[in-house]
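Working notes for the structure below.
The values are calculated or read from the model by the stated rules, or taken from the named source; none is laboratory data. Being a predicted model, the structure only gives us computed values, none of them experimental. Using ideal geometry, Cβ is built from the backbone for each residue, glycine included, and neighbour counts are taken over all protein chains shown.
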Amino acid sequence: MRGFRYESGAYRAELDAGEREVVASVVANVVELLGGELPDLADGSPDGAAEAAGRSDPSVAPVWRLRTEPVPPPDDPAVHRLLPDASQDDPAVAAEFRRLTEDDLRTAKLARLRWLWTALQDDGPVVPAPQAPAVAATLTDLRLVLAERLGIRTDEDADRLGRAVGRRRRHGADDVRTYLVTVYDALTWLQESLVQAMLARGDLGPPGRVGPGD
C-alpha cells in the first residue's frame, strides 16, 4: 500500500487487489447500514464504472427534501455516529434538525460512498482534485463505523487498543477484532496521506469544494 500523492491533476494511491477489496467491503457495509445500494457494475466494463461514478459524483449537491413527520434517531450506534444529534442539550432542537436534514445528509454520504466504491474497482484509487475533500470525509465515515464497533471514542482508546492488538499479534492471534483494528489503522493512515497531500496543495476544504490550489 502506498499513500496518496498528487500527480497529474489527481490524488493517487497504490493498493493491491486484496487491499482494495478490503476497503471496498467496508464501504459496502456502510452503504448497507445507511439503507443504500451499491452501483450496478455487473457488466464489468470501464464505461459502466464511469457511468456509475458519474451518477454518484460526491461533488454534486443532493436534491433537498423536507419531511413533515418526526425522524427518530438511528438505533444502531454506528449509524448514530454517522448521523449524529445536532444538539446534546436540547432534544427538541435535535429532533427538528434531524427532521430537516437527515434525509439529505444520508443521501450525500451514500453518494460519496458509492463514488469511492466505484473508484476501488480499478487500480489506484485515483481521486480527481475536486473529489478529494469528499473522499477524505468518506474515509472518516468508514473509520467512525469501525471505531464504534471497536469501542474507540478517543485517541487514547485507539492507542490502547493498538497496543493490545499488537501484543495479540505477537502471540499469533488472528481474530475478527485484530482484523478490524488492522483495517481501522490502514484507513487512518490512508486518510492522513490524502489530507497531508491536500494540505500541501491548499486543497483542503468542505466536501465537494476545492481550495485555491486547484
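Have a look at V165, V135, V145, V127 and point out the one that is of a type outside the set (K, R), over 18 Å from V183 (Cβ atoms) and crowded, with 20+ Cβ neighbours inside 10 Å. Step through it out loud before you land on a result.
On the way: V165 fails: over 18 Å from V183 (Cβ atoms); V135 fails: over 18 Å from V183 (Cβ atoms); V145 fails: over 18 Å from V183 (Cβ atoms).
So the residue among V165, V135, V145, V127 that is of a type outside the set (K, R), over 18 Å from V183 (Cβ atoms) and crowded, with 20+ Cβ neighbours inside 10 Å is V127.
Just give me the residues in segment 108-126 being over 17 Å from N29 (Cβ atoms) and in contact with a helix residue (DSSP H, G or I) (Cβ under 6 Å, 6 or more places away or on another chain), in sequence order.
Residue satisfying the conditions is P125 alone.
Being without any contact (Cβ under 8 Å) to a residue 40 or more places away in the chain and of a type in the set (D, E, K, R) is the filter here; which residues of segment 82-122 pass it?
The answer is D85, D89, D90, E96, R98, R99, E102, D103.
I want to confirm something. Restricting to segment 8-44 and keeping residues that are assigned to a loop (DSSP other than H, G, I, E, B) and of a type in the set (A, V, I, L, M, F, W, C), which single residue is nearest to the chain's Cα centre (by Cα)?
Looking at the filtered set, the residue picked out is L34.
Looking at (1) out of contact with any Gly (no Cβ under 8 Å at 6 or more places or on another chain); (2) surrounded by fewer than 15 Cβ atoms within 10 Å (Cβ to Cβ), find the lone condition where Y184 falls short.
(2)
Yes or no, residue by residue, for (1) modelled with pLDDT under 95; (2) assigned to a helix (DSSP H, G or I):
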position: D85; (1), (2): yes, no
position: Q88; (1), (2): yes, no
position: E96; (1), (2): yes, yes
position: R99; (1), (2): yes, yes
position: D103; (1), (2): yes, yes
position: R112; (1), (2): no, yes
position: L116; (1), (2): no, yes
position: Q121; (1), (2): yes, no
position: P125; (1), (2): yes, no
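Taking the residues in segment 191-214 that are touching an Asp or Glu at 6+ places or on another chain (Cβ under 9 Å) and either at pLDDT 95 or above or part of a helix (DSSP H, G or I) (or both) as candidates, determine which candidate is nearest to I152 (Cα to Cα).
Checking each candidate, the answer is A197.
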